[in-house]
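Report on one structure; see the data block that follows.
Derivation of every value follows stated rules applied to the coordinates shown; laboratory data play no part. As the structure is a computational prediction, the values presented were derived from the model and not from experiment. Note that each Cβ is placed from the backbone with ideal geometry, even for glycine, and that neighbours are counted across all protein chains shown.
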Amino acid sequence: MNKEFETIGKLGFGFMRLPMNGSEIDMDETNKMVDAFMEKGFNYFDTAYVYIGGKSEVALRESLVKRYPRESFKIASKLPLWDIKTKEEIDKIFNETMERLGLDYIDFYLLHSMNLDRFKQAEEMGAWDYIKEKKAEGKIKHIGFSFHDSAEHLEEALKMCADDTEFIQLQINYIDWESDNVQSRKCYEVARKYNKPIIIMEPVKGGSLVALPTKAQDIFKEVNPELSIPSWAIRYCASLDGVLTVLSGMSDMAQMEDNLSYMADFKPLNDTEYKAIDEAVKIINEVPTIPCTNCKYCVDGCPMSINIPRLFSVANQNKKFGDESKKPYNMRSYKDATKDKGLASQCIQCGACEGHCPQHIEIIEELKKIAAAYEE
């Protein structure tokens, strides 16, 4: 492993879910959080061109770059390819990122939220060549990518760019470890096979692994009543071999203080703690959910273009981690799932989907429940 990588603390500060005053970032609270993080000897900060509408990079400049010596921290940012069509646009975004951050060089630069199709796009528009050029110029120290796709596609991508990739950012957490959709374990194993250091994102799955079923929480509290529920998720990730840092998107000082309380003197999980996590995962997975296998047979014939499997996935996440007597905790996920597709309430009850469903799900009734929960 690169010697510089060994200077990175096991906890990284994700600048995506910062404290807010309405639509503006609360800079007083953010400054306090940065100070507490730095005081404990941590130094890795993760942002992106698109976070908080571009305000995240600016906030990092004000709270960190202007207030601390350059050699005392590492900054990562990311290039979004989904809205880019030319190499000139890449150059514009990179220069804007550097201006927002107030930097002469950036420590870690990533192609953002990659999948196999985006890797092909990156090759076609010269995105890899561009960031390699910037590295040669000294504007970037290390290049890599964040990844959201299957392990099979990760391996295909690495066959294209393994020589240039210095690290990979992956979604890993204990509930997604054996997930057929996220494939945390399988992606982790591919990264290890290619000897790529790993940065972990979503260790608490967007906050899902904080609001666990009571029985799952009781298991953790029985083993160690002093540790917070999110601490189990972050320590699980930090205990994996080959991990550079675990990103936590902290939103207030209380979350920062909690994370620092167990990560400042990090101790890997022991056998008893691993068994407790296995038991908690079983409890979470036993929660009754819509038995959708994501075969997508229902999608092609839907006249309203409703992404039925995606809506079922959103609803199932709320069943597992939310309180169904309250407003769903994952409203943002529902909005993302319906941004370019039909709403659950737009179902015309034609029944075409149910005729194709191998699991014989009462899709129309389930969509009614989803519409009532997420749209009213």
Rg and Dmax of the chain, Cα atoms, in Å?
21.4, 64
Over its alpha-carbon atoms, region 308-375 yields an Rg and a Dmax in Å of 11.8, 32
For Asn294 and Glu96 in one chain, what is 0.36 nm times their gap in residues minus the Cα-Cα distance, to one decimal in nm?
67.4 nm
Partner aspartates and glutamates whose C-alpha sits under 13 Å from that of Lys159, ignoring same-chain residues fewer than 8 away, are Glu123
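Between their Cα atoms, which of Lys10/Lys267; Lys40/Lys196; Lys296/Lys326; Lys215/Lys267; Lys335/Lys369; Lys40/Lys267 are more than 19 Å away from each other?
The answer is Lys40/Lys196; Lys296/Lys326; Lys215/Lys267.
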When the chain is modelled as a GNM with alpha-carbon springs shorter than 10 Å, which of Ile361, Ile234, Ile106 fluctuates the most?
Ile361
Relative contact order for the chain: what percent, with Cα pairs under 8 Å and sequence separation of 6 or more?
14
Residue order, fewest to most beta carbons within 10 Å, for Ser345, Ser208:
Ser345, Ser208
Ranked by Cβ crowding within 10 angstrom, fewest neighbours first, how are Leu260, Leu170 ordered?
Leu260, Leu170
Compute the angle between helix 27-39 and the longest alpha-carbon principal axis of the chain, please, reported from 0 to 90 degrees and rounded to the nearest 10.
70
Most fluctuating residue given options Ser150, Ser239, Ser333, as computed from a GNM of the chain linking Cα atoms under 10 Å
Ser333
Using a Gaussian network model of the chain with C-alpha springs under 10 Å, which one of Val299, Val182, Val34 is most mobile by mean-square fluctuation?
Val299
So what's the gap between the Cα centers of region 116-161 and region 327-376, to the nearest angstrom?
35
Helix 127-136 axis, angle to the chain major axis (alpha carbon atoms, nearest 10°)
20
If each DSSP helix of 4+ residues adds -39,500 (n - 2.57) and the sum is divided by the residues in the chain, what number results at 222 nm, nearest 500 deg cm²/dmol?
-13000 deg cm²/dmol
Quickly work out the Lys193-to-Lys326 label distance, labels modelled 7 Å from Cα along the C-beta direction, and quote it in nm with one decimal.
4.2
Per the chain, cysteines lacking a partner by the 4.7 Å Cβ criterion:
Cys161, Cys187, Cys237, Cys292, Cys295, Cys302, Cys347, Cys350, Cys357
What are the aspartates and glutamates whose alpha-carbon lies under 20 Å from the alpha-carbon of Lys341, with same-chain residues fewer than 8 places away excluded?
Asp83, Asp300, Glu354, Glu365, Glu366, Glu375, Glu376
Between the helical axis of 184-193 and the dominant principal axis of the chain, each derived from Cα atoms, what acute angle in degrees is found, rounded to the nearest 10?
40
Could you order the peptides 370-376, 132-138 from most to least packed, using the average number of other C-beta atoms within 10 Å per residue?
370-376, 132-138
Long-range HN-HN contacts of Gln169 with modeled amide H, under 5 Å
Phe145, Ser146, Phe147, Ile199
Sequence-distant or interchain residues sharing an amide H contact under 5 Å with Met20, placed H: which?
Asp26
What distance in nm lies between label points placed 7 Å from Cα along the C-beta direction at Ala352 and Glu39?
6.1
Under 12 Å between alpha carbons, and skipping anything fewer than 8 positions from Lys282 in its own chain: which aspartates and glutamates qualify?
Glu178
